[in-house]
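Worksheet: one structure, shown below.
The values are calculated or read from the model by the stated rules, or taken from the named source; none is laboratory data. Keep in mind that what you see is a predicted model, and the values were worked out from it rather than measured. Cβ placement follows ideal geometry from the backbone for every residue including glycine, while neighbour counts extend to all protein chains displayed. The accessibility values were calculated without ligands, DNA or RNA, using every heavy atom of the protein model including side chains. Shrake-Rupley method; radii C 1.70, N 1.55, O 1.52, S 1.80 Å.
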Amino acid sequence: MVDLALLIGGPQGGGIESAGQIGVRALVMKGYDIFGVREYHSNIIGAHSYFNIRIRDTVARSPRLPVDAVVALDAESVFTHMDDVREGGIFVYDTSTLKTRVDRIAPMPGPLKERVKAKLSQHGLGDTVADAVKYLESRGAKLLGIDLKAAIKEVAEKSGRSVVSVARAANVVGLSAALAFLGVEKEYVHRAIEAYFAGKTRVIEPNKIAADIAYDYVEESYGLGNLPDGPHKGKVRMVASGNDVVAMGKVVGGLTVQTYYPITPAADEALYMEGHRLVEVREELAEKVGLEKLGVAVIQTEDEISAINMAIGAALAGARSATTTSGPGFALMNEAISMAYIMEAPVVITIWQRAGPSTGMATRTGQQDLLHAMFAGHGDAVKIVVASGDHEEAFYDAIKALNWAEKFQIPVVHLVDKTLAASTKSLDRFDLDSITIDRGKLSYEWSGGEYLRYKLTEDGISPRVPVGFAKQLNSSLEHTEYGYAIEDPEVRNAMVEKRLKKLDAIERGIPEDERVKVYGSSDADITIISWGTVKGPVLDAMEKLEDEGIKVRYVHIKTFIPFPVRTIDEAFKSASRVAVVDYNMLAQTSLAIRMFTGHKAPHVIQKFTGRALQEQEIVRAVKEILENNVERVVVSDGA
Amino acid sequence: MARSWLEYRSPAWVQWCPGCGNYGILTAAFKAFAELDLDPAKTVVVSGIGCSSRIPYYINVTGVHTIHGRPIPVATGIKLANPHLTVLVMSGDGDLLGIGAAHFVALGRRNADITVVMHDNAVYGLTKGQAGPTLPAWVQTKALRAPNIQDALNPLLLAIASGYTFVARAYAYHVDKLKDIIKEAIKHRGAAFIDVLQPCPTYNNVMTQQWYEQRIYYIDEQEPDYDATIKSPEERSEKVARAIAKAMEWGDRIPLGIIYRDLTKEPFDARIEKIMPGYLEHPPATRPVHYEGKPLVDPFKVFTDRVVQA
Amino acid sequence: MPENMERERRCATCRWWRPHFHYPIVGYCTLWGKITSEDDSCDRWEPLKVKEGRFYWCNSCRRRVSWEEALEYLKRGEALYESAYVDPDVREEIVGASE
Ligand SMILES: Cc1ncc(C[n+]2csc(CCOP(=O)(O)OP(=O)(O)O)c2C)c(N)n1
Ligand code: SF4
Ligand SMILES: [Mg+2]
């Protein structure tokens, strides 16, 4: 079984992104499944960032530490990741930084400097990169020092040009050294470079030479590694981020308007979509719909208040409509969410959660907006809340969210997070046949006399004719069936009952298996309940724990409104032990569970650092709970 | 005329105070819509929250009564989704220039083909008479507990600076004059703004009907040579300067009429069409999104920048 | 840079040289128009002169400094330059917005 992990660290803007993307592509071409998460500071260039790539022949879905190879191309990366490589793993570093002292690295956070110095001094070492290298040797890592200066010069000489993109050359050297050591053939790296820099010959050649230099060097020093081809060889796959797949899901799901105000980590979704605002219709359907190309209007607004209100306006006019944001932006949308609810406007709000409170740690992850999402909207406003655990789920959920919004004529929040946004995943073809686009009771014609936008119906859902196709009133005030403002107690009651019926329709219309997914069996030693990107690390930890004889069941919540009451209740009743993984301070998931089911989770596993949750953290936490019966385990792996 | 203006009157009871200037604006709207023979289904009046914002209930066209300050983004969304509709925003000074000022500016920058009619009573009528953004400093209207210590802003200057391509001022009780300006604004292709001076006898006891009528005059009557219509970009600096000077007139004499018009700037929908050809013919409101429930897009054929051959 | 090193006529101490922002072991020579390494040299070497009113790049503290600060830092032996060299395609390497 192949299960490897590779970490590439360096200064933001310093080539880490292309190195990571080239590495991921080479590994996918080699036939492996890939999950690569990007960790970065709220900074444009210069602060430390890294890519942690998981490589598996089964399914890659979480980061783990320690990794099998670290590529540290600056001194800060050496110090930051000197504990992240496993015994026998390889650590690539630049020999020209050997004399650099911790204190001379300006961007490095003070407390980290102190921790590094303390650690090195415990081992009787000083505070230079050379000392860190000694420390790594003592930990059993294989050191691969590369003279980067010489390598960059060599690239320049061999390619016959000045290497204007020094960072890329440097990173490709480092990455290639690690891949050579792991046993990925050079051809894959060459192909990946060609694919990633498609069309830019000026860039391709020097980078291939950079790869050659590294491969020669590893061959001489350690010998090239040996890795069999992975099981996906020969397939056509995708390599995409969570931001990408949500954009794809929306476009495939028939979105026609997306509004947004720039915010991390949501903006990249909108930008990717804008880059694809004109898409081709499937060949077999082009004739049927009489169009070859479809447009998606992606509009940058003046603020998030405008973004949600504009999306609502578009929805009223008949567009399939969404907006994308993060916690701070969603906070500004609060009032309009309530309007969308009483106006019965179908709109999707994608929330890419990041670490708060307030601006907090804007480029880091978390699940702190669960209750915010559930309860946003004053005055008894309700919405559907659906959360995605991985890239595939996010793609299909984006479509589902659009369907539910139109079917139930209600706002739908799609909860995702920064881990998903910034992680790159290899993906197989999506199952287009499984996708249905549902527009509910929408029609563009009206001949039944006066159109009643809020007609009282059996299921609480009124026929929907867009603005422009039947004279009508849409109102944020309590209204009559036509839409006139009214405060009459009986009409009020009738309208509240109508909206309650609609909630019943949602209860009936979203079956349990769309609300929750259960992995493993009820005779497990422990049942873990969680949601979102906790899924990957938990499923991976399940495998690891199983090997050690510990059986885990995982209950993955998909929708918080409507809540999977039956399954969660059953899980508590049947499980010997229950732990909730909650990536937030308040244990919000546990609170939601308690609110809906009355069950109080006896154990909670929490993380606050804003770094992606990792497999080994869950393994450790589960053991801690089973062995020592601790109530609360806080994990914090990852630099 | 195909429709009588009475057809645009809705059956709802109008709940404004007896002397309210809003009645004048409402009647002018009826008449303008009738003279333009607007289709009630395809004509959309969007409002925020305030006394004036009740107006969608009173006009028998399609109406959207939104939340305080946000009619402009909602209207922009409607117009974005379906550029073939006639879209008006009719809202108060507090709504448009207080809480909603960011959107007011943004609409000008986009030059979306929307007509904004501002019911300018210089107070927050519905919340019982607090100072509005157009109430001058040191004025103390009836409901204020102390004189106003915030300056008034000049809506016309803000509109010109924001990029509105039609800027006018009118008076609520001169119904026929107001009607003509509303018609011109609707016919204009681009963002149009009409600042309608609207007496609020209940709360604004300073800027009363009498106060206005002693001061207002019509530019086209008294200065027939006034021309601030930009027909080519070269005229811009001169005519903007002229319009700004006119917009600054306030006090003993208050000019009414079309202050500024720019015929050279393309509206938002034309801009979208440029970056997304086909938009006007198949706008977001009506373009196909599925075929018998099947998706129209294959991600592996469209997002080829993410496809990798393993 | 200590004084004895400054006398060393290396790219790293030359007024024409811009250290690479991310990998300052190499840099861009504005005189020859190419990437050189910090310990390359040539006969056109000149020391940096701080001019009034300008800003400089302090590679030790990794920030831009005013000419007043630059004079002081130069005395202290810090690595000062007219500016840093940033890869022309750095924008493509910055993914994920901040805040
Ligand atoms: C978010 C929000 N804040 C405050 C209010 C209370 N409010 C209702 S109307 C209004 C002011 C209305 O003034 P204006 O827009 O000038 O309309 P007018 O009543 O004068 O026509 C305010 C502040 C509200 N409805 N919503
Ligand atoms: S308070 Fe003023 S604006 Fe409101 S209805 Fe009465 S007169 Fe009109
Ligand atoms: Mg007002």
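If you take the charge dipole of the stretch A:446-510 about its Cα centre, with +1 on Lys and Arg Cβ and -1 on Asp and Glu Cβ, which of A:His479, A:Gly448, A:Met495 is farthest toward its positive end? In the stretch A:446-510, that residue is A:Gly448.
Ranking of B:Phe268, A:Phe563 by solvent-accessible surface, largest first: B:Phe268, A:Phe563 (1.4 Å probe, protein heavy atoms only, all chains present). Set against the 2.2 N^0.38 Å expectation for a compact globular protein, chain B has a Cα radius of gyration ratio of 1.08. Distance from the C-alpha centroid of the stretch B:164-203 to that of the stretch B:256-279: 20 Å, rounded to the whole angstrom.
Net charge of the neighbourhood of B:Asp93, taken over other residues with C-beta under 9 Å away and scored Lys/Arg +1, Asp/Glu -1, is -3.
Rounded to the nearest whole angstrom, the semi-axes of the ellipsoid equivalent to the stretch B:29-71, taken from the Cα gyration tensor as √(5λ), stand at 20, 10, 7, largest first.
Taking B:Tyr291, B:Tyr164, B:Tyr212 as the candidate residues, the one with maximal mean-square fluctuation in a Gaussian network model of chain B, Cα springs under 10 Å, is B:Tyr291. Please determine, in degrees from 0 to 90 and to the nearest 10, the orientation of helix A:615-628 with respect to the longest principal axis defined by the Cα atoms of chain A, where the helix direction is its Cα long axis. For helix A:615-628, the angle is close to 80 degrees. What share of the DSSP beta bridges in the protein assembly as shown is antiparallel, in percent to the nearest 5? If we restrict to bridges inside the protein assembly as shown, about 40 percent are antiparallel. Toward the positive end of the charge dipole of the protein assembly as shown, about the Cα centre and with charges on Cβ (Lys, Arg +1; Asp, Glu -1), which of A:Gly20, A:Gly389, B:Leu256 goes farthest? Of the options given, the answer is B:Leu256.
The phi torsions of the stretch A:576-593, fed into the Karplus equation with coefficients 6.51, -1.76 and 1.60 and a -60° offset, translate into couplings of 6, 8, 10, 10, 9, 8, 10, 8, 6, 6, 7, 6, 5, 5, 4, 5, 5, 4 Hz, rounded to whole numbers, with Gly and Pro shown as x.
A Förster radius of 45 Å, combined with the Cβ-Cβ distance separating A:Gln300 from A:Asp523, puts the computed FRET efficiency at roughly 0.30.
Using a Gaussian network model of chain B whose springs link C-alpha atoms within less than 10 Å, name the residue from B:Asp151, B:Asp95, B:Asp298 with the highest mean-square fluctuation. Maximum among the listed residues: B:Asp298.
Taking each residue as 0.36 nm, the span from B:Asp225 to B:Ala241 lengthens on full extension beyond its C-alpha to C-alpha distance by 4.2 nm. In this simple spin-label model, placing a label point 7 Å from the Cα along the Cα-to-Cβ direction at both A:Phe608 and A:Arg508 gives a separation of 4.6 nm.
Residue order by solvent-accessible surface for C:Cys29, B:Cys17 is B:Cys17, C:Cys29, largest first, with ligands and nucleic acids left out and a 1.4 Å probe.
When only the Cβ of Lys, Arg, Asp and Glu is charged (+1, +1, -1, -1), the dipole of the stretch A:545-639 relative to its Cα centre reaches about 400 debye. Annotation: Cα Rg of the stretch A:333-405 relative to the compact-globule expectation 2.2 N^0.38 Å equals 1.18. Going by the alpha-carbon gyration tensor, a ≥ b ≥ c the square roots of its eigenvalues, is the stretch B:1-142 rounded (a/c under 1.5) or, if a/c is not under 1.5, prolate (a/b greater than b/c) versus oblate? Cα axes put the stretch B:1-142 in the oblate bin. Here the stretch A:358-402 is treated with +1 on each Lys and Arg Cβ and -1 on each Asp and Glu Cβ, and its dipole about the Cα centre works out to around 160 debye. Please state the shape class of the stretch A:446-510: rounded when a/c is under 1.5, otherwise prolate if a/b exceeds b/c and oblate if not, all from the C-alpha gyration tensor. Oblate. Between A:Asn226 and B:Asp39, the distance separating the two model label sites (each 7 Å from Cα on the Cα→Cβ line) works out to 7.5 nm. One equal scatterer on each Cα of the stretch B:159-230, no solvent, Debye formula: the resulting log10 I(q)/I(0) at q = 0.11, 0.26, 0.27 Å⁻¹ is -0.33, -1.25, -1.28.
The residue list A:Leu415, A:Leu402, A:Val246 was ranked by how far each Cα lies along the charge dipole of the stretch A:239-434 toward its positive end, using unit charges on Cβ atoms, and A:Leu415 comes out on top.
Estimated at the nearest 10 Å², the accessible area of A:Met361 is 80 Å² with a 1.4 Å probe. When the square roots of the Cα gyration tensor eigenvalues are ordered a ≥ b ≥ c, the ratio a/c for the stretch A:471-539 is 1.5 or more and a/b exceeds b/c, which makes its shape prolate.
Distance from a point 7 Å along Cα→Cβ of B:Trp13 to each backbone N in the stretch A:464-482: keep the residues under 19 Å and list them by number. Residues A:477-482 fall inside that zone. Any chance you could count the Lys pairs in the stretch A:195-280 whose alpha carbons are under 25 Å apart, treating pairs 8 or more apart or on different chains as valid? Value for the stretch A:195-280: 4. Nearest 0.05, what FRET efficiency do A:Ser443 and A:Glu497 give at R0 = 35 Å with Cβ-Cβ as r? Taking R0 as 35 Å, the efficiency between A:Ser443 and A:Glu497 is 0.90. Normalised by the empirical 2.2 N^0.38 Å for globular proteins, what value does the Cα Rg of the protein assembly as shown take? Dividing the Cα radius of gyration by 2.2 N^0.38 Å gives 1.05.
When DSSP beta bridges are restricted to pairs lying wholly in the stretch A:6-89, around 75% turn out antiparallel. Cross-link partners for B:Lys183 among the lysines, with Cα-Cα distance under 19 Å and sequence neighbours closer than 8 places in the same chain left out: B:Lys31, B:Lys42, B:Lys79. Heavy-atom accessible surface of B:Lys142, to the nearest 10 Å², is about 120 Å², with a 1.4 Å probe and all protein chains retained. Put a dot 7 Å past the Cα of B:Asp151, heading toward its Cβ, do the same for A:Glu478, and the two dots end up 4.5 nm apart. Taking Cα centre as origin and charging only the Cβ of basic (Lys, Arg, +1) and acidic (Asp, Glu, -1) residues, the dipole magnitude of the protein assembly as shown rounds to 780 debye. The count of lysine pairs in the stretch B:189-304 whose Cα atoms are under 15 Å apart, excluding pairs fewer than 8 places apart on the same chain, comes to 4.
The separation of the stretch C:42-57 from the stretch B:212-251, counted between C-alpha centres, amounts to 57 Å. Of the beta bridges in the stretch A:517-635, as assigned by DSSP with both residues counted there, near 15 percent are antiparallel. Semi-axis lengths, largest first, of the ellipsoid equivalent to chain C are 23, 18, 11 Å, with √(5λ) applied to each eigenvalue of the Cα gyration tensor. Averaging sequence separations of C-alpha pairs under 8 Å and six or more residues apart, then dividing by the length of chain B, give the relative contact order as a whole percent. Computed value for chain B: 17 percent relative contact order. Highest mobility in the GNM of chain B, judged by mean-square fluctuation with C-alpha springs under 10 Å and restricted to B:Ala185, B:Ala112, B:Ala270, is found for B:Ala270.
With R₀ set to 30 Å, the beta-carbon distance separating B:Ser232 from B:Arg271 gives a calculated FRET efficiency near 0.95.
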